[in-house]
Ligand SMILES: NC(=O)c1ccc[n+]([C@@H]2O[C@H](COP(=O)([O-])OP(=O)(O)OC[C@H]3O[C@@H](n4cnc5c(N)ncnc54)[C@H](O)[C@@H]3O)[C@@H](O)[C@H]2O)c1
Ligand SMILES: O=C(O)[C@H](O)COP(=O)(O)O
């Protein structure tokens, strides 16, 4: 029989942005050894060249996977985002090419929440300026402008996995938590959901942003929104750099309206540690600037490496798309002694019935069949007897509307 299930040694992984070694180890353990590992992201032109021979790509938040990259990625089976955000990937372009995208939605949430707690304490005490002054030999032993967290009002914008954990940690230190979200949320502890961003920003002493990058969150916090904030309040952003208008923030720090800020993410970030970081915020000692390290702890990175590598190998070995962020989700059992056909097609009427017709005409018995669709594509998985797999693949590739299909055993 002609072999159609690709030998694991021929399945190429490209891992970018220095994903944790745990990912490489997990891939090795699953039998995948053909791995190219780079510490940086790649610009689009280089990516377009490199991705032609790649079956799986692993990235973090920096690598932009555009429609042009997907057009060149004729062998690509799946994308692993070794992070939470997937805004750097054109999810629709991936979908229509039949490429599922996976991420690690929880693994670094605690790390971000802890960082924000640290930033709140430091900013309420004026530590960033005092630290900078002490480094220059200036001794500023004063209590003026220094506050405890106890009793302060924290406003969380985006009460998802990170915002809600932050809320619990903040309450344990005696803070009063308010939240604003586009969805009605079940608040944890005593947190209170408010009806508008304006109400939140007018009420709270500290505002922390935890929304994803979307069309709605682009420049969500500009000069007008900052003007709603109390004098002497604090703004924290560890979500995405596009959410705050940086010039408006710089103006509020310059005028003293804000007592301080902590910014981990920026509209433009250096592509590697060798590039200079440019920002108008560099001149403000009361603005904690961190190089997008909210989720960069050893614990988080190790867990993310394992989690995303496992999602990629499960899709490669078994076809399961559970937890994909862009693809119809199919959870599949193992398929001992059978061959599994994976067929991704345009979601137009009649594809499934054509598949069933060609199989029935060829006398191929479908042992199990799983189907999930979304508005653009359908994903059908069929387990069949081994001896029929070659002819079945021939028939399947001829079904109109087929985007891609492969066989697993
Ligand atoms: N700095 C870092 O290193 C780092 C690490 C992890 C995540 N992040 C960023 O943080 C973001 C949030 O992470 P998460 O795990 O909490 O995500 P999540 O999806 O669990 O929560 C996001 C919340 O924001 C809400 N939301 C969406 N649009 C909104 C809007 N316009 N107004 C108000 N609320 C809105 C959603 O309803 C949801 O409750 C991620 O998308 C990622 O971009 C950054
Ligand atoms: O989306 C995320 O999880 C964070 O922004 C972290 O991204 P990173 O892996 O590039 O640090």
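The values are calculated or read from the model by the stated rules, or taken from the named source; none is laboratory data. Keep in mind the model is a prediction, meaning the values are calculated, not measured. Note: ideal-geometry Cβ built from the backbone for every residue, glycine included; neighbour counts use all protein chains shown.
Taking the criterion of being in contact with a helix residue (DSSP H, G or I) (Cβ under 6 Å, 6 or more places away or on another chain), within 12 Å of ligand 2 (Cβ to nearest atom) and within 11 Å of residue 27 (Cα to Cα), the only residue of the range 293-310 that qualifies is 305. Any chance the range 251-259 includes a residue that's assigned to a strand (DSSP E or B) and away from ligand 1 (no atom under 16 Å from the Cβ)? Yes: the range 251-259 contains one or more residues that are assigned to a strand (DSSP E or B) and away from ligand 1 (no atom under 16 Å from the Cβ). Just one of the listed residues (130, 141) is surrounded by fewer than 18 Cβ atoms within 10 Å (Cβ to Cβ) and not assigned by the TED database to the domain that holds residue 313, namely 141. The single condition among (1) more than 16 Å from ligand 1 (Cβ to nearest atom); (2) in a loop (DSSP other than H, G, I, E, B); (3) in contact with a strand residue (DSSP E or B) (Cβ under 7 Å, 6 or more places away or on another chain) that residue 146 does not satisfy is (3).
Taking the range 171-189 as the range and being touching a strand residue (DSSP E or B) at 6+ places or on another chain (Cβ under 9 Å) and more than 25 Å from residue 214 (Cβ to Cβ) as the test, the residues that pass are 171, 175, 176, 189.
If the requirement is being away from ligand 2 (no atom under 16 Å from the Cβ), more than 27 Å from residue 63 (Cβ to Cβ) and out of contact with any helix residue (DSSP H, G or I) (no Cβ under 7 Å at 6 or more places or on another chain), which of these qualifies: 260, 189, 232, 222? Steps first, please.
Numbers: 260 fails: out of contact with any helix residue (DSSP H, G or I) (no Cβ under 7 Å at 6 or more places or on another chain); 189 fails: out of contact with any helix residue (DSSP H, G or I) (no Cβ under 7 Å at 6 or more places or on another chain); 222 fails: out of contact with any helix residue (DSSP H, G or I) (no Cβ under 7 Å at 6 or more places or on another chain).
Just a single option satisfies the conditions, and that option is 232.
Taking the conditions (1) within 13 Å of residue 191 (Cα to Cα); (2) under 23 Å from the mean Cα position of the chain (by Cα) in turn, residue 161 satisfies each one other than (1). Checking the range 277-294 against the condition returns no match, with no residue being modelled with pLDDT of 95 or more, away from ligand 1 (no atom under 16 Å from the Cβ), assigned to a helix (DSSP H, G or I) and assigned by the TED database to the domain that holds residue 34.
All but one of (1) more than 18 Å from residue 240 (Cα to Cα); (2) at pLDDT 95 or above; (3) in contact with a helix residue (DSSP H, G or I) (Cβ under 9 Å, 6 or more places away or on another chain) hold for residue 155, so report the exception by its number. Evaluating residue 155 over (1) more than 18 Å from residue 240 (Cα to Cα); (2) at pLDDT 95 or above; (3) in contact with a helix residue (DSSP H, G or I) (Cβ under 9 Å, 6 or more places away or on another chain) leaves (1) as the failure.
The residue that is surrounded by the fewest Cβ atoms within 10 Å (Cβ to Cβ), among those in the range 64-87 that are closer than 14 Å to residue 14 by Cβ and within 9 Å of ligand 2 (Cβ to nearest atom), is 81. A count restricted to the range 161-186 and to residues that are buried (at least 18 other Cβ atoms within 10 Å of the Cβ) and assigned to a loop (DSSP other than H, G, I, E, B) stands at 3. Of the helices (runs of 4 or more DSSP H) entirely within the range 54-139, those holding at least 3 residues that are more than 30 Å from residue 253 (Cα to Cα) and away from ligand 1 (no atom under 15 Å from the Cβ) occupy 67-72, 91-96. The requirement of being in a loop (DSSP other than H, G, I, E, B), more than 15 Å from ligand 1 (Cβ to nearest atom) and out of contact with any helix residue (DSSP H, G or I) (no Cβ under 8 Å at 6 or more places or on another chain) is satisfied by residue 336.
Can you spot a residue in the range 202-211 that is away from ligand 1 (no atom under 15 Å from the Cβ), assigned by the TED database to the domain that holds residue 259 and in contact with a helix residue (DSSP H, G or I) (Cβ under 6 Å, 6 or more places away or on another chain)? Yes, the range 202-211 contains at least one residue that is away from ligand 1 (no atom under 15 Å from the Cβ), assigned by the TED database to the domain that holds residue 259 and in contact with a helix residue (DSSP H, G or I) (Cβ under 6 Å, 6 or more places away or on another chain).
Scanning the range 1-11 turns up at least one residue that is touching a strand residue (DSSP E or B) at 6+ places or on another chain (Cβ under 6 Å) and either surrounded by fewer than 16 Cβ atoms within 10 Å (Cβ to Cβ) or at pLDDT below 95 (or both).
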